[in-house]
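The values are calculated or read from the model by the stated rules, or taken from the named source; none is laboratory data. What you see is a predicted model, and the numbers here were worked out from it, not measured in a lab. All Cβ positions, glycine included, derive from the backbone under ideal geometry; neighbour counts span all protein chains shown. Only protein heavy atoms, including side chains, enter the accessible area calculation; ligands, DNA and RNA are left aside. Shrake-Rupley method; radii C 1.70, N 1.55, O 1.52, S 1.80 Å.
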2 protein chains.
Amino acid sequence: MAEPNDRVLRYVIGVDFGTLSGRALVVDVADGTEVGTAVYEYPHGVMDRRLAASGAELPPEWALQVPEDYRGVLKHAVPAAVRDAGIDPGAVIGIATDFTASTPLPVLRDGTPLCETPEFRDRPHAYVKLWKHHAAQKQADRINALARDRGESWLPRYGGFISSEWQYAKALQVLVEDPEVYAAMDCWTEAADWIVWQLCGEYVPNACTAGYKAIYQGGEYPNAQFEAALDPGFEGFSAVKLSRRIGKLGAPAGRLTRTAAEWTGLPEGIAVAVGNVDAHVTAPAARAVEPGQMVAIMGTSTCHIVNHDALVNVPGMCGVVDGGIIDGLYGYEAGQSGVGDIFAWYVENHVPGQYSAEAASAGVSIHQHLTNLGFAEPVGAHGLVALDWMNGNRSVLVDTSLSGVILGQTLATRPEQEYRALLESTAFGTRKIVETFAAAGVPVEEFVVAGGLLKNEALMQLYANVLRVPVATIASAQGPALGSAIHAAVAAGAYDSVRSAGMAMGKRNSVVYQPNASEADAYDDLYAEYVLLHDYFGRGGNDVMKRLKARREEALG
Amino acid sequence: MAEPNDRVLRYVIGVDFGTLSGRALVVDVADGTEVGTAVYEYPHGVMDRRLAASGAELPPEWALQVPEDYRGVLKHAVPAAVRDAGIDPGAVIGIATDFTASTPLPVLRDGTPLCETPEFRDRPHAYVKLWKHHAAQKQADRINALARDRGESWLPRYGGFISSEWQYAKALQVLVEDPEVYAAMDCWTEAADWIVWQLCGEYVPNACTAGYKAIYQGGEYPNAQFEAALDPGFEGFSAVKLSRRIGKLGAPAGRLTRTAAEWTGLPEGIAVAVGNVDAHVTAPAARAVEPGQMVAIMGTSTCHIVNHDALVNVPGMCGVVDGGIIDGLYGYEAGQSGVGDIFAWYVENHVPGQYSAEAASAGVSIHQHLTNLGFAEPVGAHGLVALDWMNGNRSVLVDTSLSGVILGQTLATRPEQEYRALLESTAFGTRKIVETFAAAGVPVEEFVVAGGLLKNEALMQLYANVLRVPVATIASAQGPALGSAIHAAVAAGAYDSVRSAGMAMGKRNSVVYQPNASEADAYDDLYAEYVLLHDYFGRGGNDVMKRLKARREEALG
C-alpha cells in the first residue's frame, strides 16, 4: 500500500473499559493523532437489581457485570475503530487497555470466569463485582479494624482506610456469603488483568491495581496470619488466589493470540500491554507524569493522581503504589466523591424553569448559563460558603457519612450564586487535598485537568485561583484511551518508556490558566471559612451529619 | 328602618392601615360577624426611591409615606365598606384603627403634618417614616451603646436592643440630618395616633406604640440627661415633642368630628377608640388575651405576642409594655424576621419548573404541592436541618447580620425535602423564642395563629408537634381589622373590656392541632441539632456569617 509521505505510519490501539461501555481508539504512534474511534455498549450494562441469568433479585448496594460484554468490546469496537480510521490493520503494532477499578471476578486456572461455568451461572458471587458494588462495607470495616489493631504496616499507605470498593474486601465478601464460589475459584482477578489475559493468554496482574486495590506493597500482600485473623477460611487467600507475577505499567504482558486476532481483526503476535486503571493511564496522555504535576480527572467525581520520588504517608489519601502510575516513581491517589454530580444535582433539583429557557435562547447549556451569571460578580459577592460533601468525603476525611452544607443565604440569594458556591466548594476540597499532600512532603506545582469538566473555562480559572498554581488541560476527549494507546506504543517497543511516549503522544491545550493574584487573595479568605466548617463538621466538632444520616436511614426503614 | 328580627343591630368599623393599603371592615357588635369590607390602595404607595413632591432621589434604606393617603382610606374605604355591608350608617356606634409601627411623622400643634406646609413639602424628613425605613441604624447603634454604658433601666425591657425601625431612633435621625424640620415640628407622632387625631380631633398617644416604639416605661420616657448625652440638640425631645397623655387600649380617644363624619359617612359623635398596632390588635380577635396564650401573626414574617401578669426581662425579646396588648396585663412581643418570605424565596429561586406544572395539574398552589410531597415521609427522612435566618434573626439573638443554612444534602435530596426543612426551621425558631420566654418565667400553653400561613394545615400540625402545645387558628381573614372593630365596640361602651368583647366578637376555627407524641419526640432530636447550630453560628462559636456579609458588602461596593 502506498503511503502518503515517506514516513512509515504505525498505529496503536487503546481500549478504555468504562462503566457502561468500552471505547477503542486508533492512535498514530508518532505524535498521538487520534485517527479513528468506536464505542460498544455492554449488553447487560450494570446488574444492580436482578441477575440476568436467573432473574433473581439482588440485594441493595450490589452492582455486577458480565465478562462476555467486555469481550464484545474487543470483537466490535476494535474492528469498528480501525474501519473508522480507514487504516491498514497491518499497521497496528500494539494494543493496551484500561479499566474501571476495583472490578474483580473469580476465574478458573485457564481464565474462564466462574459465571461462565454451568454450575455457577446462577450464582451472583460468580460474576464481576463492578467498582461501585458497595455491599462489602462490613468486610471493609472488619479489615480496617483488624489492621489498626495489629498495626499493619500497609494501612497508612491507604490513608488509614481500605475501601469497600476494593478487591480485597470484595473477596472476603465472597468467602463469607458464598463459600462454594470462593472454594471453586482458582484466581481472583481484576477485570483489568482478565481482559489482557483474554488478549494474550498470559495472566500478569498490573502494578497499579495490585498496589491500589489488592494491598500489594513492597512485594507482599497482607500475610496469612492477618488473613486467618479476618476469617479462618481466608487464610492463604493471597498466596493461593492472587499472583505475585506483577507486570510493570507499559511492559508487554504477551503477544496477541490467534483467537484475539480473529476477534479484533488485528495482526496476531502484536504487543499486548500490561493492564491499567482509567484514571492512572491518563497521566501520560496529559503529559503529566513528573513529580509536582497533579492530574485531576474531573467528571461526576474527581480522581487526583501525582507522582513523587519518595514514599511518604499522606493522611486520608486513597493510596500510594510504587510504579502505580509510571514505573520508577511512587504514584499517589486521592479523590473527591462528588464534583460534576453535585453540579448536576443542583441543576436538576434547584434551578427554576426560566433559567433553562434563558439558557436555550442564549444557545448555551444550563451549566454554562449559570456559570456565566454566577461569575459575573466579584469573589465573595454571593456571601456564601458550601461544603462539597453531598456524596460524602473520599479523601482527607474519608467519611461516607458526611453530607452537604450551603451557608450564608439571604432572601436575595439567587441560584447562580449557590451554583458558583458549589463550584467553589469543590475547588476548596481539591485545595484541602493538595495542602494535605504538600504537608506530607508531596508538593503540587502544576494542576493538569482531564475529563468532561475541563470545558468550563470559569471553573478552570477558579481552580487556578484557589490552588494558586497554573491549571493546564488535556487536549483529548478520550484521555484514558489515548493513555492506553501510549502504553501500547511502549509495550510494542516504539518508545523506551511511558514518560517519553507521553511527551511524544500526549496532548495539552495551549491555554494555561494562571492564578489571578487579587482573586486568589479573596479566595484565601473564603477557603479559610471552608476549612473552619470542614474541621468542625468533619473532625468531630459537631457530628450532626452522622446523626442526621442515622435518623434518615431509620426513618426510611 | 325595619329590623329583620327583634335584636337591635349595631355595628362597629375596624380600619387596618397596612403597608400599601388600608382596609375597612364592618362588624356586628353582638357576635363579630363581618358584614362588609373595602380596601383603598395608597396612591403614593411606599416612596423608597424618589420623593413624589419634588422628584428628588432618596438615599438607600429610606421608606416614606404621604399622610393624605391615610385620609383617603377614611374617605373611600370606610363608606365603601358600609355600602358593601348594606347597613344603615346610623347603626354604626364606633370606629377604631390599627396601623403599621413604628411609622412616625412630624406635625404641628394642630396635627397638620409638616409635609403639608408649603415650607417643608420638598423636605424628605417632613414625611412619614414607614416602619421599614431602615436609615436610622447609626442612630439606633448610638442609642444602644449609650444606654448600655449608662445602664439605662429601660434597655432590658427591649431585650437589650432598640431597633432602628422605632420612632425614637427615627426622631434622632431627623435632628441630625434636618435640624430645621426637627425644630419646626411641635410633635413627633405615630401615624397610629395621628389618624385617631384626624378622626376625633384629640391627640391621645396609645399605650402600645408609646411603650413598644417610643421607650415609654413606668410612666417615663428616656430622661433629658440621656437625650443630651445622645446629642445636645436632642435634650428635651420627649418632654417637648412627645406627650404623656397616654390612652389605654380600647378606651375612647374622643368622638367623631363633623369633618371626619363627612369623610366617612358615619354619624358625627360616635366613639373613636385609641389607636393600636396591627399585630397587637389581633389578639382579642383570636380570643387569645390570657396569660399563656401566645398569638403568632404568621405571614412574610412572624410577630409573637403574649400577655403575662408580671414584669420580667426576656433576653432578646422585642419588648414588654404594661397594657401593651390589653389593659391590666404586661404585653410581650417577639418576632421572626423571615417566615413566609423564606418559603417564597425558596419557591422562586430553587424549585424546578416541573413542580409548578405538577401543582397546576393537581389544582393546588406550588406551596401546597411541596408541602404535600415533603410531609409524605416520616420526620427526619430528609436528613436535613436548616437555620431560618435568611432575613436575619429578630428575637433571642437580635442580629441582622446572620444568614441562612441548609445542612445534610445528599445527591438524593429533593426540593420538597429542603422546603420541609425550611418550614421546620421556622418552627424551631419559634420554639427557641417560646423556650426563652418560658425560661424567663413567661409560659406559653397555647399557640394561636393568625395571618396567611394558617391555611397550611401541615405547617400548623408541624408547629403543634415542635412546640408540644395545641395550635389554634383565627377564623377571620381580616384579623387586625376585626381586632380594631372589637376595640371600637369597647370604646363605644358595648362591652366593659377588650377581653369580654374579644370573647364575644373574636373568632376561632374549630380545628385545633394537637401535638402528636411520636412525631414530637422525633422533632425533639432535630430541634436539638437546630439549637447546636443556632448557638454555634449565633453566639460567637463561628462568626462566619458576619464575615461573609462584610465581604459581600465590600465586594458589591
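Points worth noting:
- Against the empirical 2.2 N^0.38 Å (N residues), segment B:6-66 has a Cα radius of gyration ratio of 1.71.
- The magnitude of the dipole of segment B:485-557, with charges of +1 and -1 set on the Cβ of Lys/Arg and Asp/Glu and taken from the Cα centre, is near 480 debye.
- Under Karplus coefficients 6.51, -1.76 and 1.60, residue-wise ³J(HN,Hα) of segment B:212-225 in Hz, glycine/proline x: 7, 10, 10, 6, 8, 9, x, x, 9, 8, x, 7, 5, 5
- Each residue was assigned an accessible area with a 1.4 Å probe, and for A:Met317 the value is about 10 Å².
- Distances in nm from A:Ser361 to the matching label points in the other copies, shortest first (labels 7 Å along Cα to Cβ): 2.5
- Dividing the helix sum by the residues of chain B, where each DSSP H run of 4 or more adds -39500 (n - 2.57), gives a mean residue ellipticity at 222 nm of -11000 deg cm²/dmol.
- Taken about its Cα centre, the protein assembly as shown carries a charge dipole of about 200 debye when Lys and Arg each add +1 at the Cβ and Asp and Glu each add -1 at the Cβ.
- Extension gain, B:Gln354-B:Ala184: 0.36 nm per intervening residue step, less the Cα-Cα distance, totals 55.3 nm.
- Accessible area that becomes buried as B packs against A, both chains, 1.4 Å probe, Å², nearest 100: 4200
- Computed over the Cα atoms of chain A, pair by distinct pair, the Kirkwood hydrodynamic radius stands at 24.3 angstrom.
- Remark on B:Val128: its backbone amide H falls under 5 Å from those of B:Gln65, a criterion applied only to residues 5 or more positions apart or on other chains, H modelled at 1.01 Å from N.
- Cα centroids of segment B:469-535 and segment B:299-323: 14 Å apart.
- Rg(Cα)/(2.2 N^0.38 Å) for segment A:449-557, N = residue count: 1.62
- Euclidean distance of C-alpha centroids, segment B:67-89 and segment A:44-80, integer Å: 77
- The string of couplings for segment A:29-41 from the Karplus curve (6.51, -1.76, 1.60, θ = phi - 60°) is 4, 5, 9, x, 4, 8, 9, x, 8, 7, 10, 10, 7 Hz, one whole number per residue in order, with x for Gly and Pro.
- Rg over Rh for segment B:354-468 works out to 1.00, using Cα positions for both radii and the Kirkwood form for Rh.
- Farthest positive-ward along the protein assembly as shown dipole, Cα basis, beta-carbon charges - from A:Gly479, B:His308, B:Ala261: B:His308
- Direction-averaged projected area, Cα convex hull, segment B:1-139: 10.3 nm², rounded to one decimal.
- Between B:Val92 and B:Tyr11, the built amide H atoms are under 5 Å apart, and every one of these is 5 or more places off in sequence or on another chain.
- Rounded to the nearest 20 debye, dipole of segment A:1-111 from Cβ charges on Lys, Arg, Asp, Glu: 300
- The accessible area of A:Glu435, taken with all protein chains in place and a 1.4 Å probe, comes to roughly 80 Å².
- At 1.306 mPa s and 10 °C, Stokes D of the protein assembly as shown from Kirkwood alpha-carbon radius, µm² per second: 47
- Each principal axis of the Cα cloud of segment A:58-212 was evaluated for its coordinate range; sorted largest first, these ranges are 59, 37, 28 Å.
- Across segment B:323-335, computed HN-Hα scalar couplings (Karplus, 6.51 cos²θ - 1.76 cosθ + 1.60, θ = phi - 60°) run x, x, 10, 9, 5, x, 10, 7, x, 9, 10, 9, x Hz from first to last residue, x flagging Gly and Pro.
- Between B:Leu556 and A:Ala555, the C-beta separation translates, for a Förster distance of 56 Å, into a calculated FRET efficiency of about 0.85.
- Förster-model FRET efficiency, 60 Å R0, A:Arg49 and B:Leu20, C-beta, rounded to 0.05: 0.60
- Separation between Cα centres of segment A:143-185 and segment A:418-440, rounded to whole Å: 30
- Distance between modelled label sites at B:Ala344 and A:Asn509, nm, 7 Å Cα→Cβ extension: 4.3
- Here the label points at A:Leu9 and B:Asp521, each 7 Å from Cα along the C-beta direction, are separated by 7.6 nm in the simple model.
- Candidate residues B:His44, B:His367, B:His125: accessible-area rank, largest first, probe 1.4 Å: B:His44, B:His367, B:His125
- Binned Cα-Cα distances of segment B:64-149, short to long, each 5 Å bin given as a whole percent: 3, 11, 15, 16, 15, 13, 12, 7, 4, 3, 2, 0
- Solvent-accessible surface (1.4 Å probe) assigned to B:Glu348 amounts to roughly 120 Å².
- Kirkwood Rh, Cα atoms: Rg over Rh of segment B:55-100: 1.19
- Share of Cα-Cα pairs in segment A:163-243 lying beyond 22 Å, as whole percent: 21
- Rg/Rh (Cα only; Kirkwood hydrodynamic radius) as it applies to segment A:179-319: 1.01
- Å³ per residue enclosed by the Cα convex hull of segment B:259-366: 198
- Net +/- balance of residues flanking B:Ala477 in space, Cβ distance below 15 Å, scoring K and R +1, D and E -1: 0
- Across the options B:Val66, B:Ser21, B:Ser102, the greatest Cα extent toward the positive end of the charge dipole of segment B:1-104 (unit charges at beta carbon of Lys, Arg, Asp, Glu) belongs to B:Val66.
- Using 0.36 nm per residue and subtracting the Cα-Cα separation, the extra length available between A:Ala30 and A:Arg109 on full extension is 24.6 nm.
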